[in-house]
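**Q** Encoded as structure tokens, here's the structure I'll be asking about.
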Ligand code: ZN
């Protein structure tokens, strides 16, 4: 029975040539395989930016991808998201460039800066450093993505309460890639990969981590 309500949001600036139905569409298609999840998508161009109070109140976990239009998300909507996380316990899952999204910055009260980045289609090895964590369940170690953007430390966030995975890149850089926090009553999960020009959100193991993160943020596991 589908009873855990998931909303996957995107600003939808990702190239249609890679993601015809958006990153939110690709992630939602995978999450729908789990019959416990009732999955919908919303986007910046929807009424109320796809973030109406009704929708937020009916969301158990909000999954977020954005990159170029962070500034267009209204502060009032961000305030509502933070309220839902801290006071009601809505889960929040931030993907890749969502490290600079207003909700991520507001929920964790941090700038979310990176040490650096390089968009060169490099291999990324994501090493599981906490294999008994529910987010790591059913995954190989390492997870390998053939072509991704590089992010490097320092990642300016509060120290993760649980650090599940660390990414390695060919230039020698590392990055805390799968991080868990609590904010008020809510659980917050960040997962690094997912630059919009690469096919990362079709990678079965990346999708599995996101699905595990959603279940953790919904308090179904862990
Ligand atoms: Zn990127």
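**Q** Got a sec? How would 53, 200 order by Cβ neighbour count within 10 Å, fewest to most? Intermediate results must be reported in sequence, preceding the final value.
**A** Numbers: 53 13, 200 24.
Ascending Cβ contact count within 10 Å gives the list 53, 200.
**Q** Follow-up. Per 5 Å bin from zero, what fraction in whole % of the C-alpha pairs of region 1-139 is there, up to the bin with the longest pair?
**A** Distribution as computed: 2, 9, 17, 21, 21, 17, 10, 4, 0 percent.
**Q** When the Kirkwood hydrodynamic radius is evaluated over all pairs of different C-alpha atoms of region 94-162, what value in angstrom, to one decimal, is obtained?
**A** Numbers: mean 1/r = 0.0730 Å⁻¹.
When all Cα pairs of region 94-162 are included, the Kirkwood radius is 13.7 Å.
**Q** If each residue's Cβ is checked for other Cβ atoms within 10 Å, how do 202, 190 rank with the fewest at the top?
**A** Details: 202 13, 190 25.
Least crowded to most crowded, the residues run 202, 190.
**Q** I'd like to know how region 137-209 sits against the 2.2 N^0.38 Å rule of thumb: what's its Cα Rg over that expected value? It would help to have the intermediate numbers written out before the result.
**A** Values: Rg = 12.8 Å, N = 73, 2.2 N^0.38 = 11.2 Å.
Rounded to two decimals, the normalised Rg is 1.14.
**Q** State, as an integer percentage, the relative contact order of the chain based on alpha-carbon contacts under 8 Å between residues 6 or more apart.
**A** The normalised contact order for the chain reaches 21 percent.
**Q** Then there is this: Extent of region 151-193 along each principal axis, from alpha carbon coordinates, in Å, largest to smallest?
**A** Its Cα atoms span 39, 15, 14 Å along the three principal axes.
**Q** Using only Cα atoms and rounding to the nearest 10 degrees, what angle (0 to 90) does helix 22-31 make with the longest principal axis of the chain?
**A** For helix 22-31, the angle is close to 90 degrees.
**Q** May I pose another question? Suppose a student asked you for the relative contact order of region 72-146, using Cα pairs under 8 Å spaced at least 6 residues apart; what percent would you report? Working shown, then result.
**A** Details: 49 pairs, mean separation 16.4, N = 75.
With pairs under 8 Å counted, the relative contact order is 22 percent.
**Q** Ranking 179, 110 by Cβ neighbours within 10 Å, fewest first, what do you get?
**A** Values: 179 26, 110 15.
Ordered by Cβ neighbours within 10 Å, fewest first: 110, 179.
**Q** OK, next. Under 10 Å, Cα contacts only: if you run a Gaussian network model on the chain, which one of 172, 66, 121 comes out with the highest mean-square fluctuation?
**A** 172
**Q** Say we join alpha carbon atoms closer than 10 Å with springs in a Gaussian network model of the chain; which of 188, 123, 135 then has the biggest fluctuation?
**A** 123
**Q** So how far, in whole Å, is the C-alpha centre of region 159-178 from the one of region 1-65?
**A** Here the answer is 26 Å between Cα centres.
**Q** Further, regarding this structure: If you build the convex hull over the alpha carbons only and average its shadow over all orientations, what do you get for region 5-73? Give it in nm² to one decimal. Let's see the in-between values first.
**A** Details: hull surface 18.3 nm².
Taking the Cα atoms of region 5-73, their convex hull projects to 4.6 nm² on average.
**Q** If I take the Cα coordinates of region 65-123 and project them onto the principal axes, what are the three extents in Å, biggest first?
**A** 40, 22, 17
**Q** State the three equivalent ellipsoid semi-axes of region 97-222, derived from the C-alpha gyration tensor as the square roots of 5 times its eigenvalues, in descending order and whole Å. Each step should come with its number before you reach the end.
**A** Numbers: eigenvalues 89, 66, 32 Å².
The answer is 21, 18, 13 Å, longest axis first.
Any read-out appearing in this document is the output of simple, stated calculations on the displayed coordinates, not a laboratory observation. Everything quoted here is computed from the prediction, not taken from an experiment. Positions of Cβ are generated from backbone atoms using ideal geometry, with glycine treated the same way; all protein chains shown enter the neighbour counts.
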